[in-house]
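Written below as structure tokens is the structure these notes are about.
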Amino acid sequence: MDEVLLRSLTPAVLGVLVRRGVDFAAAEDAVQDALLEAWRVWPADPPRDPMAWLVTVAWRRFLDTARADAARRRREDVVDEEPPPGPVSGVDDTLQLYFRCAHPSLSPSSAVALTLRAVGGLTTRQIARAYLVPEATMAQRISRAKRTVAGVRFDQPGDVATVLRVLYLVFNEGYSGDVDLAAEAIRLTRQLAAAVDHPEVAGLLALMLLHHARRAGRTAPDGSLVPLAEQDRRRWDTDLITEGVAILQTALSRDRLGEFQAQAAVAALHADAPTAAETDWVQIVEWYDELVRLTDSPVARLNRAVAVGEADGPRAGLAALAALDDTLPRYAAVAAHLHERDGNRSTAARLYAEAARKAPNLAERDHLTRQAARLNTTPPPAPPS
Amino acid sequence: MAKYLLLKHYRGGPTPVIDMPPFDRWTPEEFSAHIQYMKDFAARLEESGEFVDSEALAPEGTFVRYDGEGRPPVTDGPFAETKDLIAGWMVIDVDSYERALELAAELSAAPGQGGRPIHEWLEVRPFMTAPPTITE
């Protein structure tokens, strides 16, 4: 059974139910039930028209639940006949669904969970596993999120930026159970790009593709991190790079720059360099200047200091770093790298050890500890003769 | 089956058998071998159906307490030189207390400098269980 095909139908099925007047929370429950039923039945008995099958099953589930509710409340059963589907506007429905699931009234973790379920068609169990929380906890998080956004009216267009932040989180954070969250984020961003013409949507899609392309090179066989400069570039996925660069170029030609396009441009310059030494750091600094201008983000300034260190030498990088707050995440790691390149090995080793103590995850902690250990236990390289 | 917590302390256990320098004074190869041993150990326990959970903690924590209605929480720390510092844990589900000790000892044999076992003290704590159905 094609699981991705099944899940890709989720927004359309949900859209049909909502257009028939079913409230969002009930419609979403009915669609999730239909998906679970499809999982059970399709492998042995695949439907001729998967979309129609899902709509029929979801609609029946909704009627069953509504009747049970109605009976419980001793009310007349008002919904009975299956009404004809309303005017077809699948694209608008899909877009509205993204806005609803990323609504600003939701916390980031709730928006992520709701998006993965209602737009992505993942089961609560799959989402719970991906974020390492009990299934009951995830079920509560999703049903609270649905209650929060159930009454939201869409008389004004939503802000695409809120949707992009949620998709970025799905791509960038989370563990991996049986669901590949990065691939799922790419699929959902592609689907969004098909529903709305917006250069930042294209920018985020390009950013994801360009980073996903490097995935095989990012870790060694033992699971340890491989820094960008040391990655085997033959292991990068050239098809994804080609696609990402093409999407980015089209977006940039619209001349409506945003943070995701600027980040994607940096990733594209790395992807373009046949070797780390051939990286166009001068252009990368220029893109970080744009990013700082667009976001005024301390993280962008920190990354800019790294790029300056490569473009103009470690002293220039350290000077750029000196202007920043030293409590920023990864500040010590950047300082360590620049001091090492400046030939100051003992300061670099001390800073790498400090960075390891502050690292937010085990892979980075181990990597930084190894850097400190390397500097503390190996003699300095011989000076060039 | 019974669950046990294998608790790894940076500080606070009995006097170490080997006075171990911090990881950043090991060679990168020694450090990698140590990490690999622990990964392999966890993988073997998954294979044998005895692994439950394993987590590492960041070294700095803060003490927090309630300070009365409408007041923000009171915090204390982080303390650089706290006496007892927990590095992380592993939870195992095994048939006997003896098996829990055996596994803890195996984990304590992780290689250190020169590939020699570090003989690290690990704390083994039984989990409280659910009350049994039949009591008489």
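The values are calculated or read from the model by the stated rules, or taken from the named source; none is laboratory data. This one's a predicted model, so the numbers in the text were calculated from it and none came from an experiment. Neighbour counts run over all protein chains shown; Cβ positions are idealised from the backbone, glycine included.
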request  = Determine, yes or no, whether residue B:42 is in contact (Cβ under 8 Å) with a residue 40 or more places away in the chain, part of a strand (DSSP E or B), within 14 Å of chain A (Cβ to nearest Cβ) and not aromatic (Phe, Trp, Tyr).
outcome  = no
query = Which of the residues that make up the stretch A:8-24 are surrounded by fewer than 20 Cβ atoms within 10 Å (Cβ to Cβ) and touching a Lys or Arg at 6+ places or on another chain (Cβ under 9 Å)?
reply = A:8
task = State all residues of the stretch A:284-323 that are in contact with a Leu (Cβ under 9 Å, 6 or more places away or on another chain) and loosely packed, with under 15 Cβ neighbours inside 10 Å; if no residue qualifies, say none.
result = A:297, A:299, A:315
query = Do any residues in the stretch A:62-78 that are outside the structural domain of residue A:13 (by TED's automatic domain parsing) have Cβ atoms under 6 Å from those of residues that are surrounded by 10 or more Cβ atoms within 10 Å (Cβ to Cβ) and at pLDDT 85 or above, where the two are at least six apart or on different chains, and which pairs are they?
reply = A:77/A:67
note = Residue set A:353, A:333, A:373, A:348; condition among the aliphatic types (A, V, I, L, M), within 14 Å of chain B (Cβ to nearest Cβ), touching a His at 6+ places or on another chain (Cβ under 8 Å) and surrounded by 13 or more Cβ atoms within 10 Å (Cβ to Cβ); output residue A:348
key: Within the stretch A:192-247, tally of residues that are within 28 Å of residue A:10 (Cα to Cα), of a type in the set (A, V, I, L, M) and either within 14 Å of chain B (Cβ to nearest Cβ) or in a helix (DSSP H, G or I) (or both)   = 15
ask   = Does at least one position in the stretch B:11-24 carry a residue that is touching a Ser or Thr at 6+ places or on another chain (Cβ under 8 Å) and part of a helix (DSSP H, G or I)?
value = yes
remark   = Filter the stretch B:7-22 for residues that are β-branched (Val, Ile, Thr) and closer than 25 Å to residue A:377 by Cβ; the one that is farthest from the other protein chains (Cβ to nearest Cβ) is B:17
task = Of the numbered conditions (1) at pLDDT 95 or above; (2) closer than 23 Å to residue A:376 by Cβ; (3) more than 16 Å from the chain's Cα centre (by Cα), residue B:66 fails exactly one; give the number of that condition.
result = (2)
ask   = Checking residue B:125 against (1) touching a Leu at 6+ places or on another chain (Cβ under 9 Å); (2) surrounded by fewer than 16 Cβ atoms within 10 Å (Cβ to Cβ); (3) in a loop (DSSP other than H, G, I, E, B), which single condition isn't satisfied?
value = (3)
request  = For the stretch B:47-85, name all the residues that are in a strand (DSSP E or B), surrounded by 11 or more Cβ atoms within 10 Å (Cβ to Cβ) and more than 14 Å from chain A (Cβ to nearest Cβ).
outcome  = B:51, B:63, B:64, B:74, B:75
ask   = Which one of the conditions (1) surrounded by 13 or more Cβ atoms within 10 Å (Cβ to Cβ); (2) on the phi < 0 side of the Ramachandran plot does residue A:239 fail to meet, given that it meets all the rest?
value = (1)
Pair list, Cβ under 6 Å, 6 or more apart: the stretch A:269-280 residue assigned by TED's automatic domain parsing to the domain that holds residue A:230 and over 11 Å from residue A:228 (Cα atoms), other residue in a loop (DSSP other than H, G, I, E, B) and polar (S, T, N, Q) = A:273/A:279
